[in-house]
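The values are calculated or read from the model by the stated rules, or taken from the named source; none is laboratory data. All of these numbers come straight from a predicted model, not from anything done at the bench. Here the Cβ is made from the backbone with ideal geometry for all residues, glycine too, and neighbour counts use every protein chain on show. Keep in mind that these areas ignore ligands, DNA and RNA; they rest on the heavy atoms of the full protein, side chains included. Shrake-Rupley method; radii C 1.70, N 1.55, O 1.52, S 1.80 Å.
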Amino acid sequence: MATVLDSAGLDRLTAAVLARNPHPHERRWVSLSCAIVDAVWSTVENMEQLAR
């Protein structure tokens, strides 16, 4: 089920993304499986840092 954002929700989402200071990666993965492993690893690492 899709979630529909109102204008205020979209503004909050945009602010949250910008607060993370997104920028293009300097390197790219050559395989999808390596990219997925890296994404999972990074997510777990972030969760562990938040739990501390």
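Extending 7 Å from Cα along the Cβ direction at A39 and again at A19 yields two label points whose distance is 2.3 nm.
Only alpha carbons enter this Debye calculation for the chain, each as an equal point scatterer, and the log10 of I(q)/I(0) it gives at q = 0.28 Å⁻¹ is -1.00. Between the helical axis of 32-51 and the longest alpha-carbon principal axis of the chain there is an angle of about 70 degrees.
Given a 1.4 angstrom probe, what's the average accessible area per residue across segment 7-52, in square angstrom?
Numbers: 4700 Å² over 46 residues.
For segment 7-52, the per-residue accessible area is 102 Å².
Give me the percent of the accessible area of the chain that comes from carbon and sulfur atoms, probe 1.4 Å, all protein chains in place.
Working: 3400 of 5460 Å².
Carbon and sulfur: 62 percent of the exposed surface of the chain.
Its DSSP H runs of at least 4 residues, each contributing -39,500 (n - 2.57), put the calculated 222 nm mean residue ellipticity of the chain at -21000 deg cm²/dmol, to the nearest 500.
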